[in-house]
1. Along the three principal axes, how long is segment 1-136 when you take its alpha carbons, biggest first, rounded to the nearest angstrom?
2. Pop out the ³J(HN,Hα) list for segment 403-408 in order, Karplus 6.51 cos²θ - 1.76 cosθ + 1.60 with θ = phi - 60°, rounded to Hz; leave Gly and Pro as x.
3. How large is ³J(HN,Hα), in whole Hz, for each residue of segment 206-216 in order, when computed from phi with the Karplus curve 6.51 cos²θ - 1.76 cosθ + 1.60 and θ = phi - 60°, using x for Gly and Pro?
4. Expressed in nm to one decimal, what extension gain is obtained for the pair Q273 and R260 from 0.36 nm per residue of sequence separation less their Cα-Cα distance?
5. Which value, in nm² and rounded to one decimal, describes the direction-averaged projected area of the C-alpha convex hull of segment 219-282?
6. With an 8 Å cut-off on Cα pairs and a minimum separation of 6 or more residues, tell me the relative contact order of the chain in percent.
7. First obtain the Kirkwood hydrodynamic radius of segment 159-230 from its Cα pairs, then insert it into the Stokes-Einstein equation at 4 °C and 1.567 mPa s, and state the resulting D in µm² per second as a whole number.
8. Could you give the length gained by full extension between K398 and V375, i.e. 0.36 nm per residue of separation minus their alpha carbon distance, to one decimal place?
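The values are calculated or read from the model by the stated rules, or taken from the named source; none is laboratory data. Keep in mind that this is a model prediction, so the values were computed, not measured. All Cβ positions, even for glycine, are placed from backbone atoms using ideal geometry, and neighbour counts span all protein chains on display. These accessible areas exclude ligands, DNA and RNA; they are computed on the full protein's heavy atoms, side chains included. Shrake-Rupley method; radii C 1.70, N 1.55, O 1.52, S 1.80 Å.
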Amino acid sequence: MRTNELLLYRHMEEGKILKDMTFLMENYENEYYNAEDLKTLLFECMNEILEISESHGFEGNLWHTYLTLLLANDENAYSTACEITGEVKGSINAVALHDFEIFKELFDYDLKKIDRSLGTGCFLLLEDYKNVEVMGKVYNQRIRDRICALAKALGEAKDAEEFKYILTQFYKEFGVGKLGLHKAFRIEHTEEGVEIVPITKIAHVHLDDLIGYEIPKKKLVDNTKAFVEGKRANNCLLYGDAGTGKSTSIKAILNQYYDRGLRMIEVYKHQFQDLNAVISQIKNRNYKFIIYMDDLSFEEFEIEYKYLKAVIEGGLERKPDNVLIYATSNRRHLVREKFSDKNERDDDLHTNDTVQEKLSLVARFGVSVYFGKPVKKEFQEIVKTLAKRSGIEMEEEKLLLEANKWELSHGGLSGRTAQQFIDYLLGQ
């Protein structure tokens, strides 16, 4: 096998199994090597493939799904060029075709020859594997199904040209690597530095799930739509009363525009000093990234907002066109303000400077969207709609009476309170 001739797909994660399998394909009949040692290597490879398949939830031909995992995750010059945009021009196509010819040979290789020669039955067990879990620990069911479907399509490709076309279409529709296959991410510190880590379980909410707030939702949609279409767009601040749907709207926007290349990275206040490292990892990709900051606010003694100001606007390096910042907050101006900030008798000689310093952060958000508490009638409409969606059968008068009792002792009028009331009824 010619895996040593790979040009683009040369340094792949989980690639050690492929090297060991290639060695077995080339030497399973070589009398120079001890047959028991070859068997041991074979069983080790099968164990690793099984472990990967179980953790990812893979089914079908596990040799094919393993190879497909390598192809779907490897971020190289060809795969990253094709993400979102599709087929590219230039000599790199010939280089990619060269690699896909090798992978086509790997897909078509009859592994049962090794079984027969070494007297094992490993590969027969892995040809049509049924997994214990529908969803693995690494991928959710949506991603797992896409990988399994791609493996089946690549296995049925008649030649390297068709193989290349199928994989290129996959890169265009779903992307490549963790940034392509996942919607949302968080950041973590590792020994290597700041790492962007996928979030595998997110709420599948949509903007229609948020009842009312049509004007705020339209402002959010218009700004995000312009962003994913490559037009000029603004950083966005969603502010207002608690429980009114600010965070839900952000999650819904991600679900609505994910298939058009939108991705979201959640960043917490104590991680703002890592923002430059995060942006450096995503600025040259074809995706659009929203850096999401939930429940953003600062006390006087907290200086993290200064990092954020520099990243949004003000540093020497311009913020990339594929990055926006969306934040939610219960505070209109984000930084806590006091009457003493404007009091001339305060110790600060330049009181106006103090005020402007605290307002300068919110000024960097070009779009501000207000989410206010619903009035009584709007709250009741939310309750009735949620009850209907949840299949709750109760006389309207009794439903609204119970809802009114609930909100008086559970946080007041808000969409969150209405949803909690419905959850209470469903639990009875």
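1. That works out to 48, 39, 20 Å along the principal axes.
2. Coupling constants for segment 403-408: 5, 5, 4, 5, 5, 5 Hz.
3. 10, 4, 5, 5, 8, 7, x, 6, 5, 5, x
4. Answer, rounded to one decimal: 1.7 nm.
5. On the way: hull surface 21.1 nm².
Reported value for the Cα convex hull: 5.3 nm².
6. Values: 599 pairs, mean separation 60.3, N = 428.
Relative CO of the chain lands at 14 percent.
7. Estimated diffusion coefficient is 81 µm²/s.
8. Values: separation 23, 0.36 × 23 = 8.28 nm, distance 1.93 nm.
Going from the current span to full extension adds 6.4 nm.
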